[in-house]
1. Restricting attention to region 165-209, which residues are within 17 Å of the chain's Cα centre (by Cα) and of a type in the set (D, E, K, R)?
2. Of everything in region 128-160 that's in a helix (DSSP H, G or I) and over 19 Å from Asn118 (Cα atoms), which residue is farthest from the chain's Cα centre (by Cα)?
3. For a quick check of your reading of the model, give me the residue pairs whose first member lies in region 145-156 and is closer than 16 Å to Thr43 by Cβ and at pLDDT 85 or above, whose second is loosely packed, with under 11 Cβ neighbours inside 10 Å and of a type in the set (Lys, Arg), with beta-carbon atoms closer than 6 Å and at least 6 apart or on different chains.
4. Across region 10-35, which residue is surrounded by the fewest Cβ atoms within 10 Å (Cβ to Cβ) among those that are free of Cβ contacts under 8 Å to residues at least 40 places away in the same chain and more than 17 Å from His55 (Cβ to Cβ)?
5. For region 92-103, indicate whether the set of residues that are out of contact with any Pro (no Cβ under 8 Å at 6 or more places or on another chain) and either in a loop (DSSP other than H, G, I, E, B) or more than 23 Å from Val162 (Cβ to Cβ) (or both) is non-empty.
6. Within region 214-227, can one find any residue that is more than 20 Å from Trp37 (Cα to Cα), buried (at least 21 other Cβ atoms within 10 Å of the Cβ) and touching a helix residue (DSSP H, G or I) at 6+ places or on another chain (Cβ under 9 Å)?
7. Out of all the residues in region 119-144, which are touching a helix residue (DSSP H, G or I) at 6+ places or on another chain (Cβ under 6 Å), in contact (Cβ under 8 Å) with a residue 40 or more places away in the chain and within 29 Å of Gln21 (Cβ to Cβ)?
8. What number goes with the only condition from (1) at pLDDT 95 or above; (2) surrounded by 14 or more Cβ atoms within 10 Å (Cβ to Cβ) that Met84 does not pass?
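The values are calculated or read from the model by the stated rules, or taken from the named source; none is laboratory data. Small disclaimer: the values here were computed from a predicted structure and weren't measured. All Cβ positions, even for glycine, are placed from backbone atoms using ideal geometry, and neighbour counts span all protein chains on display.
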Amino acid sequence: MSDSDFTSAIRAGVSKAEWEQRVNLAACYRLVALFGWDDLIFTHISARVPGSEHHFLINPYGMMFDEITASHLVKVDLEGNKVMDSPSPINPAGFTIHSAIHAARADAGCVLHLHSVNGVAVSAQAGGVLPISQHSIFVLSSLAYHDYEGVALNDDEKPRLVRDLGDKRFLMLRNHGLLTVGDSIADAFVSMYFFETTCMIQVRAQAGGELIHVGPHIVEGAATQWQQVTKGAGGGLAWPALLRKLDRLDPGFRS
């Protein structure tokens, strides 16, 4: 079967809403690669299939993020079983984390997990994220931490992961990396942009002199300010521009 025939077959077999979700998720993978946050094939972004509580889309294990297209994405249930024919496997370690959060959080439309260099560097610091930048106040307003338990292969870690995350949007996996939860793919991606940028600024600032901390009263007001800055649209305000950027570079993610 040719690539175009494969794409046509997948598109014909899913709803319009699912196809749009696939396009947005493929775009998210491409953007992660474009921003240099990928770790070869070893991290994951999952998204809930619209209209379903139990079906999710995730990357085929073995593909680089800049290769992924809408039709490549694998549809699975909460146990990681494929619910639509696909020639591709998924990474069981990746879905352990994602399935736990999707099952526990009705608002988890998208779960984005990275091993970015700056994120892992800060995750190894005892103090975690410091309030030293404007970017950091938005992260600190909804941040949780989860201690490292090794590669996430065991289901018995799920309750602790869910407990530590609680109702937060940002999760720092100690000695491991970063994770964001969003109502939408756009929210999860833009949240990750702020998380990773916060970590990059912190690592660079620590190479200099004494750090100036933002006051706690400013951090407390950050969630309200975020709503004002994004006009209540969250990540959706920047998402159309990000898609236009991808379309200029390579619109292949849409196939």
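1. Scanning region 165-209 gives Asp167, Lys168, Arg169, Arg174, Asp183, Asp187, Glu196.
2. In this case the residue turns out to be Asp156.
3. Partner pairs satisfying both residue conditions: none exist.
4. Step by step, filter region 10-35, then rank; the result is Ala12.
5. no
6. No, because not a single residue in region 214-227 is more than 20 Å from Trp37 (Cα to Cα), buried (at least 21 other Cβ atoms within 10 Å of the Cβ) and touching a helix residue (DSSP H, G or I) at 6+ places or on another chain (Cβ under 9 Å).
7. Gly119, His135, Phe138, Val139, Ser141
8. It is condition (1) that Met84 fails.
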